[in-house]
Every structure is written in C-alpha cells, then in structure tokens.
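What follows is a set of notes on a single structure, which appears directly below.
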Amino acid sequence: MAAEVPPDALGRRVSCGTDYGTVRYVGSVSRTAGIWLGVEWDDPQRGKHDGSYEGTQYFKCRHPKGGSFIRPNKANFGVDFLTAVKDRYGLNDKQDVQYGTGNTVVFGTKTVEFIGMDSVAEQQRQVQLNKLVDISVRECAVSHAGQEEEISRTCANMRHINLSKNLISSWETVIAIASQVQNLETLNVSENKMRFPSTSTFIASAFPNLKILALNQTGITWTEVLLCAQGWPVLEELYLSSNNITVLERPDTVLQTLKLLDLSDNQLLDGNQLHLIAQLPRLEQLILRNTGISSIHFPDAQSGCKTKMFPSLKRLAINDNKISQWSSINELDKLPSLRALQCNNNPFMDTEKNPETLIQLIIAKISHLEVLNNCEILPAERRGAELDYRKIFGKDWLEAGGHWNPEKNKPSEEFLAAHPRYPALCLKYGAPEEGELKGRQPLTLKNQLLTLTIKCPEKPEQKPVEKKLPESMTIQKVKGLLYRLLKIPGSELKLSYESSKLEGKEVELDNDLKPLQFYSIESGDCVLVRW
C-alpha cells in the first residue's frame with residue numbers, strides 16, 4: 001500500500017535514514033507510476049541531480065547534485081512534540097509493558113483484572129511528564145506541536161528544551177510549542193533548516209521568559225533575527241553560528257538585554273559590520289570565530305582614547321580570522337571593558353616566530369587584558385611584558401623623536417599610531433635607559449640554547465622539568481614561562497640557580513630585565529623556583 005502524503009508536504013522537512021532534506025516537489029514523474037517526492041538534501045552527496053529528470057525541471061536545488069526523487073514511504077515526516085518526549089523518556093503506551101491487554105496485569109502465569117487500570121497508568125504518565133524540567137528530544141524527528149494546549153496540560157514545568165536536529169520546517173512550529181511553556185528559559189532549535197517570518201504579522205510573545213536561544217545552522221538571516229527578536233524581551237544569550245549571515249543591521253529596539261552573541265562561522269562582509277551592533281548596551285561577550293574579518297577599527301576614538309562602542313564588552317573571540325595587522329590589536333585597547341581575548345590562528349601572529357614574544361606584545365598592547373587565549377595573565381607577567389615592550393621598541397622611539405627630557409619628547413605620529421601605549425608605558429615605568437636599547441632580537445633563535453633543569457625545592461611533589469631556553473631570554477620571560485608551565489597561582493616568583501660546576505653555591509636571579517647569559521648560566525645548571 002502506498003504511503004499517505006501529508007497535504008502540507010511541500011516545503012516540509014523529512015528524513016530518510018540518517019539523511020535530512022526538504023520536500024520541493026510532490027507529484028508524478030514522466031514514464032513512472034505513482035507519486036514521488038522531490039527532495040533537496042542538506043548533504044549534496046546524498047543527491048543525484050538538480051531537480052530535473054529527462055529534460056524536465058521538477059524543482060530547483062542550490063547545488064547541481066543536491067536533489068533526488070524518493071517514494072513517500074521512504075520519507076519520515078516526523079512526530080508531534082509530546083510523542084517524541086514520551087518516546088525519549090519511556091513514558092508512552094507501548095513501553096508500559098508491565099500491563100496486560102485491556103484492564104489486566106499479569107503476575108507470573110495468572111492474569112488479574114483491575115477496573116480503571118488504563119486511567120491509572122495515564123495518570124502516572126501525566127505525573128512523570130509534569131516533573132520534567134530539562135527536556136532533550138534531539139534527533140527525535142519532531143515536526144509539529146501536536147494538539148492545541150496538550151503540551152501545557154502535560155509538561156507545565158519545563159524550563160529547558162533541546163529541539164536540535166529535528167524536522168521542524170518553520171518558526172511558527174517553534175512558537176506553537178514554546179507558547180505552551182510559560183516558564184521556558186533555554187531553547188535550542190539548532191540544525192533545523194526552517195522558514196522564518198518576513199513580516200511582524202507572525203511574531204508572537206511566546207517567549208516572555210526566554211534567556212538563552214540557540215539558532216545555529218537554521219538558515220536564519222540577520223533581518224529575520226531582528227524581526228523575531230520582538231518576541232524575545234529578556235533574551236541574554238543568542239547563538240547564531242553557521243547561518244551564512246553576511247550583513248548586519250542596527251538593532252535599535254530589540255536585543256537590548258543581550259549579554260552574549262555568537263556569530264561564529266558566518267562570513268561577514270567586513271569588520272565594519274561590527275559597528276552596526278556596537279551600541280548593544282549590555283553585550284559582555286562577542287564570539288566572532290571564523291567570520292572572515294581582516295581588520296578591526298573604532299573610528300570614533302583617537303589613538304590612546306576609549307571608544308563609545310561596545311561599552312560593556314568583556315570577552316571577545318576573534319580566532320580563526322584573517323587579521324594580518326597589529327593595528328587591529330592596538331584598536332582593541334580602545335574597548336573600555338575588555339578583559340579576555342581569544343585571537344589564535346590569525347596571520348598577524350605569524351609575524352613573530354617566538355611564541356613568548358608574541359604573547360608579550362599582545363599583553364603590552366591591551367592595557368586591561370586579564371585572560372589571553374584562555375590563559376590568565378598574572379601581574380608579574382604583565383609587568384614583564386610591558387617592560388620588555390618598552391625596551392624592544394625604545395630605539396624606534398628615539399629615532400622617531402622620543403626623548404628622556406619631557407620638553408624634547410616629541411615622537412612622530414607614525415610611531416604613536418604603531419605603538420599607542422608607548423607613552424603610557426614610559427609614564428608607568430620611566431623612559432628606557434640607553435643601556436637597555438639594544439634593538440629587537442632576531443626572530444630566529446641563533447643564540448645558543450641552554451638545557452636547564454627546573455626545580456621547586458619547597459614543593460617536593462613538583463617533579464623537576466628539563467627545558468631548553470635561549471641564553472638571551474630575560475629573567476622576566478623565564479618567569480612568564482614558569483607561571484604557565486608549573487601552573488603557579490598568582491604570586492611573585494623568586495628565582496635562583498645552582499651551577500653544575502660549583503656544587504652548593506646558589507646565585508639569585510634578581511634582575512628581571514637581565515638575560516640568562518648575564519648570570520653566566522650554562523647548560524646542565526639547575527634553576528630553583530620559589531613562591
């Protein structure tokens with residue numbers, strides 16, 4: 001018998017085995033019998049053609065091999081929300097195996113009849129459903145809400161729902177489910193390629209308490225986000241990864257409560273798109289991983305000043321992008337609240353071969369940064385980074401018009417544009433002394449490497465570690481390395497070393513600005529760490 005095709009099949013989401021797609025055609029196909037479904041598959045590898053067969057175009061696909069025809073009995077059009085919940089949590093009729101047929105229960109070989117047993121079982125299921133607070137029906141083929149008000153009657157206490165990777169075809173279905181869950185706080189509908197409203201006619205206040213919403217891989221545009229956001233009055237976290245969002249618009253009256261926004265894996269037109277969301281008053285975390293941006297600029301603030309954009313932004317992720325110039329890192333110091341940054345896998349990081357120097361440059365350029373690439377920046381590490389930065393670029397500062405005498409100190413605009421924090425560092429630590437200004441070390445480690453043993457004499461449980469360090473490395477850089485290597489809590493390190501040639505003699509490494517070679521340290525010596 002041929003499977004029945006739903007009257008609203010066109011545009012519906014279906015699954016076939018492990019593959020997902022959208023029905024683009026329902027009807028006959030030339031020189032074949034019966035009804036076919038023309039499906040555009042999410043994975044083009046599953047398809048065979050572009051929706052045409054023997055010269056006739058039955059439907060269109062984005063990918064030339066993204067479509068194929070299947071029989072209706074091969075397509076799963078899904079189930080309603082409550083059926084999926086009962087199946088997932090073992091609360092449906094089929095799984096009440098302890099009950100016999102009708103109103104009977106089987107005890108061994110005896111069958112005992114109970115009056116009203118069906119209603120008792122149903123009441124027990126209702127009680128169990130009402131206890132559910134956190135519900136996940138991921139990959140349960142949910143396609144529609146079900147009977148009106150049935151969800152509100154049976155699952156009144158739900159607060160967190162995971163509806164990801166189902167067969168939801170439109171935002172109206174999401175509203176139909178969510179409007180029955182008055183206390184809904186968290187909703188994940190990611191991986192449902194659905195239609196969103198194009199006008200405010202369909203916008204409903206179905207999400208009065210929603211704080212966290214995930215719409216990753218749903219195909220939503222930013223325009224549609226702003227339209228739907230009228231129904232999210234208290235939303236705090238919005239996840240929009242992998243939606244082909246390229247342009248942004250100013251959210252003047254919506255998203256004003258937003259604290260976190262994830263736009264990762266959307267190829268934005270350019271970095272200037274960020275200016276359009278820069279006035280979100282409460283935004284604390286912005287995730288821009290793999291968004292294709294090549295530069296960041298805040299034109300409202302001059303070098304060394306703070307921008308009025310992103311006033312509350314504390315955490316920023318710009319890793320896996322195309323940022324090639326250090327000027328973009330300089331710009332981040334304009335953000336008044338920035339405390340944490342992720343910036344790995346950007347071309348500007350390839351300009352420094354020494355990873356320790358790279359980290360120090362970023363720390364020195366962003367004054368209030370506390371966490372870099374998920375590593376805490378300790379006070380001693382910041383001090384060392386800023387001192388080294390002041391020294392490394394001191395020669396450039398002098399050549400650009402810098403001077404120890406404040407009356408003669410007039411560095412060029414070009415220098416200040418490249419090093420906007422340099423004047424502040426000179427005020428903080430004093431202008432660099434002539435003896436410090438030896439220029440930048442070569443990027444390649446041509447200096448001799450020292451093989452040293454690192455020991456913590458007051459922490460016997462800490463095993464000795466052997467490290468190869470360049471003899472030109474300053475004591476401050478060694479401390480920065482040891483903070484991360486030994487995972488030492490924020491405190492002042494005290495370093496000394498024992499020579500392999502002079503047993504029992506301990507020399508204190510007391511000047512953070514001096515290199516290891518200043519103390520005549522040699523391979524085979526032991527560095528002692530105390531805190």
- line: Reported set for region 161-184 where residues are surrounded by fewer than 17 Cβ atoms within 10 Å (Cβ to Cβ) and touching a Ser or Thr at 6+ places or on another chain (Cβ under 8 Å) is Gln182
query: Which of the residues spanning region 271-293 are part of a loop (DSSP other than H, G, I, E, B) and surrounded by 15 or more Cβ atoms within 10 Å (Cβ to Cβ)?
result: Ala278, Gln279, Leu280, Leu283, Glu284, Leu288, Arg289, Asn290, Thr291, Gly292, Ile293
query: Taking the stated definitions as given, is Leu187 in a strand (DSSP E or B) and crowded, with 17+ Cβ neighbours inside 10 Å?
result: yes
Wholly enclosed helices (runs of 4 or more DSSP H) of region 327-429 bearing at least 1 residues under 27 Å from Pro281 (Cα atoms) and open to solvent by 30 Å² or more (accessible area, probe 1.4 Å): none
- line: Those residues of region 190-213 which are open to solvent by 30 Å² or more (accessible area, probe 1.4 Å) and of a type in the set (Gly, Ala, Ser) amount to Ser198, Ser200, Ala204, Ser205
- request: Give, as residue ranges, the strands (runs of 3 or more DSSP E) completely inside region 108-180 that count at least 1 residues that are of a type outside the set (Lys, Arg) and modelled with pLDDT under 90.
  value: 110-113
task: Can you tell me which residue within region 448-482, out of those that are touching an Asp or Glu at 6+ places or on another chain (Cβ under 6 Å) and outside any strand (DSSP E or B), is most open to solvent (accessible area, probe 1.4 Å)?
output: Gln448
- prompt: If you check every pair at least six apart or on different chains, which have Cβ atoms under 7 Å apart with a residue in region 484-512 that is open to solvent by less than 50 Å² (accessible area, probe 1.4 Å) and assigned to a loop (DSSP other than H, G, I, E, B) first and a residue that is modelled with pLDDT of 85 or more and of a type in the set (Ser, Thr, Tyr) second?
  reply: Leu509/Ser496; Leu509/Tyr497; Asp512/Thr474
statement: Exactly one of Arg46, Arg24 is among the basic types (Lys, Arg) and either more than 31 Å from the chain's Cα centre (by Cα) or over 22 Å from Ser143 (Cα atoms) (or both), and that residue is Arg24
task: Output the number of residues of region 47-92 satisfying the condition of being open to solvent by 50 Å² or more (accessible area, probe 1.4 Å), of a type in the set (Phe, Trp, Tyr) and not in a loop (DSSP other than H, G, I, E, B).
output: 1
- prompt: Residue check: is Ala301 touching a residue at least 60 places away in the same chain (Cβ under 8 Å) and among the small types (Gly, Ala, Ser)?
  reply: no
statement: The residue from Ser241, Ser179 that alone is within 30 Å of Gln147 (Cα to Cα) and either in the same structural domain as Lys334 (by the TED database) or within 22 Å of the chain's Cα centre (by Cα) (or both) is Ser179
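The values are calculated or read from the model by the stated rules, or taken from the named source; none is laboratory data. Values in this document were obtained by computation on a predicted structure and should not be read as measured data. Cβ coordinates were reconstructed from backbone atoms using ideal geometry, including for glycine residues, and neighbour counts include every protein chain displayed. In case anyone asks, the SASA skips ligands and DNA or RNA and just uses the protein heavy atoms, side chains included. Shrake-Rupley method; radii C 1.70, N 1.55, O 1.52, S 1.80 Å.
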